[in-house]
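> Next up is a structure, given as structure tokens.
The values are calculated or read from the model by the stated rules, or taken from the named source; none is laboratory data. Predicted model, so just to flag it, every value in this text is computed and none were measured. Methodologically, a virtual Cβ is constructed for each residue, glycine included, from the backbone with ideal geometry; neighbour enumeration extends over all protein chains shown. Surface areas here come from the heavy atoms of the whole protein model, side chains and all, with no ligands, DNA or RNA. Shrake-Rupley method; radii C 1.70, N 1.55, O 1.52, S 1.80 Å.
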Amino acid sequence: MIIVENSRDLFYDNLERKKMPSKKRRRKEERPKIHPKNKYSDNPPDFALLASLYPTFKPFVFYTREGRPRIDWTDFNATRELTRVLLLHDHNLHWWIPHGQLCPTVPNRSNYIHWIEDLLSSHIIPRDNTNGGNVRGFDIGTGANCIYPLLGASLFGWSFVASDMTDVAIEWAERNVKNNPNISELIEIRKVKCSQNTLSPEGLSGESSYSEEREGLPSSSLDISASEDKSYYGPAILVDVVRDGETFDFCMCNPPFFESFEEAGLNPKTSCGGTYEEMVCPGGEKAFITRIIEDSVVLKQSFRWYTSMVGRKVNLKFLVSKLREVGVTVVKTTEFVQGKTFRWGLAWSFVPPAKKIVTPHVTEKNILSFMLEGIQRQFGAIHVLQSVESFFLAGGASCKLNASSFVVDITASADHCNALLNNDVKYIDEVASCSNVQEAPSNLCFRILVFQQIPGTLLVKGSLQHRDSALSGLFSSIIQQLEASLRQNFCKEKTGTNYI
């Protein structure tokens, strides 16, 4: 079994951003950026221009004292109109949704679409000509907005089956498809039958469904007995929706991020709408994506790639571990960034990789970093630095700590890496068959630096010293493991960070 795990996108690069105030500049420079192929990576939406071209958008635009155009993100009508004019102006798509339905942001949704394109164009797994060379996707819970099929069909000519369970979602998704006759033949809207186990909003835990633009927030106060069972029960997701003999290149999904409707309303900074069915599922996204994984075990190679959006980074490790248990051949993870909104992407496959090796160049980036926020008062940078050293020493790695520079230099062998990762990611020692691999360093050498940002906040940066190491593909996974350990030891308990 080969598991290839990468916490960054296949082709993500650091892009230039507009200058920020000095106190925020350093943190901004550390953040990953919007996908480079995204239309808005270098040209973010110009609200002033859009207001001059579309009179219906103009009333929602106001100007700051510095003369910068803005909209009120807490106004559903404003965010809906922005989505409408962006789809029309930049994609020639006619689109609308009724009040209260989940309203997607176009730049954010485009990131996911471009990541799918990266996966399909990569040579990690062999291509399949079952569909005559045409790319065919499956959108789980397309919603009334039907945003992914519309973007995928208009940008790349992909065909889609788009599923949902509510009459309103089906009706408006079909309207949005029919209102774009140039791509309407590429998109099929498929109704999912509700099972008897599906709970209503008045039920104890809430109904499983399909959600989008909300962020992981602190859990609401649920009755313990109601939250003990984290298994998914609700409408079919893939099994019993995918028909016999159907094959797809990929599936994609924005799962329901929340376990209760109260939890879904905790972020006051945005108003993207969303019905109960779109946002809530017993067990939240963790249970929902686990069911997708279970369905993928049944369907196996009916899909080249199974993918899902993840709203909480803390769930990634569990889900990757679950994938290893069920015997997938490839796992990929990435981070989606649009403004202050962070999401993560998870992809896996049962198709045998084209090359059953982990090459020296699996890791695209040699510098990875993360923020530690909410650090308890009794701890400082030196305590975190010492904990970093202890973390790697526990795995048997060689460490050299420089307290004056707040730096730890680490050298780890393949056995040390496996010990650090608790066997979550295995290094496959088959690289000897590759040319020039014998020249690659046999150890993984990297440096960890700890920076004080503001009281209670630290920046931890890892830099790979020898990118051509045969173990470099494990670097990002080790940094993820370190981050989880430090958060557990030093940060105040919380399940997520509020983003716009």
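> Taking the stretch 298-313 as the search range and keeping residues that are among the β-branched types (V, I, T) and crowded, with 16+ Cβ neighbours inside 10 Å, which one is farthest from Q488 (Cα to Cα)?
The qualifying residue farthest from Q488 (Cα to Cα) is T307.
> Residues in the stretch 14-29 that are open to solvent by 50 Å² or more (accessible area, probe 1.4 Å) and either closer than 29 Å to Y148 by Cα or at pLDDT 95 or above (or both): how many?
Count: 4.
> Which one is farthest from M252 (Cα to Cα) among residues in the stretch 135-153 that are small (G, A, S) and not in a loop (DSSP other than H, G, I, E, B)? Can you show your working first?
Going residue by residue through the stretch 135-153, those that are small (G, A, S) are 137, 141, 143-144, 152-153.
With not in a loop (DSSP other than H, G, I, E, B) added as a condition, the list becomes 137, 152-153.
Details: G137: 8, G152: 11, A153: 14 Å.
Among them, the one singled out is A153.
> From I124, I97, which residue is outside any helix (DSSP H, G or I), closer than 30 Å to P353 by Cβ and of a type in the set (V, I, T)?
Answer to the check: I124.
> Pick out the one residue from V192, V177 that is crowded, with 17+ Cβ neighbours inside 10 Å, in contact with a helix residue (DSSP H, G or I) (Cβ under 8 Å, 6 or more places away or on another chain) and either over 30 Å from H89 (Cβ atoms) or modelled with pLDDT of 90 or more (or both). Don't jump to the end; show me each part of the working.
Details: V192 fails: in contact with a helix residue (DSSP H, G or I) (Cβ under 8 Å, 6 or more places away or on another chain).
On inspection, the qualifying residue turns out to be V177.
> So, one more: Do the conditions hold for G273, that is, is it outside any strand (DSSP E or B) and either modelled with pLDDT of 95 or more or open to solvent by less than 20 Å² (accessible area, probe 1.4 Å) (or both)?
yes
> Same structure, new question: Can you pull out the residues in the stretch 127-150 that are more than 23 Å from P352 (Cα to Cα) and aromatic (F, W, Y)?
Y148
Let's see how each residue does on (1) at pLDDT below 85; (2) among the aliphatic types (A, V, I, L, M):
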{"site": "F303", "(1), (2)": "no, no"}
{"site": "M309", "(1), (2)": "no, yes"}
{"site": "R312", "(1), (2)": "yes, no"}
{"site": "V328", "(1), (2)": "no, yes"}
{"site": "Q338", "(1), (2)": "yes, no"}
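> Are any of the residues in the stretch 46-69 modelled with pLDDT under 90, outside the structural domain of N418 (by the TED database) and either assigned to a loop (DSSP other than H, G, I, E, B) or surrounded by fewer than 18 Cβ atoms within 10 Å (Cβ to Cβ) (or both)?
No, the conditions are met nowhere in the stretch 46-69.
Yes/no per residue for (1) open to solvent by 70 Å² or more (accessible area, probe 1.4 Å); (2) at pLDDT below 65:
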position	(1), (2)
V425	no, yes
I428	no, yes
V437	no, yes
N443	no, no
P455	yes, no
H466	yes, no
L474	no, no
I478	no, no
R487	yes, no
